[in-house]
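J.: First, the structure itself, so that you have it in front of you.
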Amino acid sequence: MGRRKSSRTVGEEGNAIVEFLGAALLLLLPVMYLALTLGRIQAATFAVEGAAKESARAFVTADSVAQGEARAGVAVSLALADQGFTDVRPADVLSISCSGSRCLDPGSEVATIVRYDVPLPFVPPGVRSWVPLSVPVEAAHVSSVDRYAGARQ
């Protein structure tokens, strides 16, 4: 009885592993990048939602408009830093508007809008200067000044 010949040709052992690793990398890397990017966008969404809400609350409880703007800026910084966005200046992402001529009149409303552009991960700053590679995330909140509070400046 003779030996049976293998259907494999000589030198092909191990090619399946190499092909599998190549295909896995080609599919896995984009999926991981997508997951990382979506995670950063979701974190930014949480951050701007909290920042808009807390900045409006901080503003309407202040004793003056200047103090309210300072408190709102601190609230935005804290909310964004809580989600890992520490390189943001509140003045760049926060806008405050009032319903009346005086912001802190009893019964008036204060609206805050926080808008942050989430940069795509691993994109060099030089490329960002040519093509805007970011996803804008925005949230708004309206808070009322206490109707029974005294008039404030």
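The values are calculated or read from the model by the stated rules, or taken from the named source; none is laboratory data. All values derive from a computational prediction rather than experimental measurement. So basically every Cβ, Gly included, is an ideal-geometry build from the backbone, and we count neighbours across all protein chains shown. The accessibility values were calculated without ligands, DNA or RNA, using every heavy atom of the protein model including side chains. Shrake-Rupley method; radii C 1.70, N 1.55, O 1.52, S 1.80 Å.
J.: Identify which of the listed values of Cα extents along the principal axes in Å was calculated from the structure shown: (1) 107, 35, 20; (2) 62, 30, 25; (3) 42, 33, 26.
T.: (1)
J.: Quick one: what are the phi-derived ³J(HN,Hα) couplings along region 66-79, Karplus 6.51/-1.76/1.60 with θ = phi - 60°, whole Hz, x for glycine and proline?
T.: Running phi through 6.51 cos²θ - 1.76 cosθ + 1.60 with θ = phi - 60° gives 4, 5, x, 5, 5, 5, 5, x, 5, 4, 5, 4, 5, 5 Hz.
J.: Moving on. What FRET efficiency comes out for the pair ALA91/GLN67, r = Cβ-Cβ distance, R0 = 25 Å, nearest 0.05? Intermediate values should be presented prior to the final figure.
T.: Working: r = 16 Å, r/R0 = 0.63.
It comes out at approximately 0.95.
J.: Assigning unit charges at the beta carbon (Lys, Arg +1; Asp, Glu -1) and nothing else, what dipole magnitude in debye, to the nearest 20, does the chain show about its Cα centre?
T.: 640
J.: Now for a separate question. VAL118's amide H: which non-local residues (gap 5+, or another chain) put their own amide H closer than 5 Å, with H modeled 1.01 Å from N in plane and none for Pro or chain starts?
T.: Long-range HN contacts for VAL118: VAL135, VAL137.
J.: Can you tell which of GLU49, GLU19, GLU109 shows the greatest fluctuation in a Gaussian network model of the chain with Cα springs below 10 Å?
T.: GLU19
J.: Next up: Just the number, please: carbon plus sulfur as a percent of the accessible area of region 1-141, 1.4 Å probe, no ligands or DNA/RNA counted.
T.: Numbers: 5840 of 9460 Å².
Carbon with sulfur: 62 percent of the solvent-accessible area.
J.: In whole Hz, with x marking every Gly and Pro, tabulate ³J(HN,Hα) for region 103-108 from phi via Karplus 6.51 cos²θ - 1.76 cosθ + 1.60, θ = phi - 60°.
T.: Result, ordered by residue: 5, 9, 5, x, x, 6 Hz.
J.: Go ahead and set up a Gaussian network model of the chain, Cα springs under 10 Å, then flag whichever of PRO90, PRO106, PRO132 fluctuates most.
T.: PRO132
J.: Further, regarding this structure: In whole Hz, with x marking every Gly and Pro, tabulate ³J(HN,Hα) for region 133-144 from phi via Karplus 6.51 cos²θ - 1.76 cosθ + 1.60, θ = phi - 60°.
T.: Values per residue, Gly and Pro as x: 10, 8, 10, x, 10, 9, 9, 10, 8, 10, 10, 9 Hz.
J.: Is it possible to state the helix-based mean residue ellipticity at 222 nm for the chain, with each DSSP H run of 4+ residues giving -39500 (n - 2.57), the sum divided by total residues, to the nearest 500 deg cm²/dmol? What is it?
T.: Values: 4 runs with 74 residues, N = 153.
Computed mean residue ellipticity for the chain: -16500 deg cm²/dmol.
J.: Please report how far the C-alpha centroid of region 68-145 lies from that of region 31-55, rounded to the nearest whole angstrom.
T.: Distance between centres, Cα-based: 13 Å.
J.: Could you provide, to the nearest whole Å², the per residue accessible area of region 83-153 with probe 1.4 Å?
T.: The answer is 63 Å² per residue.
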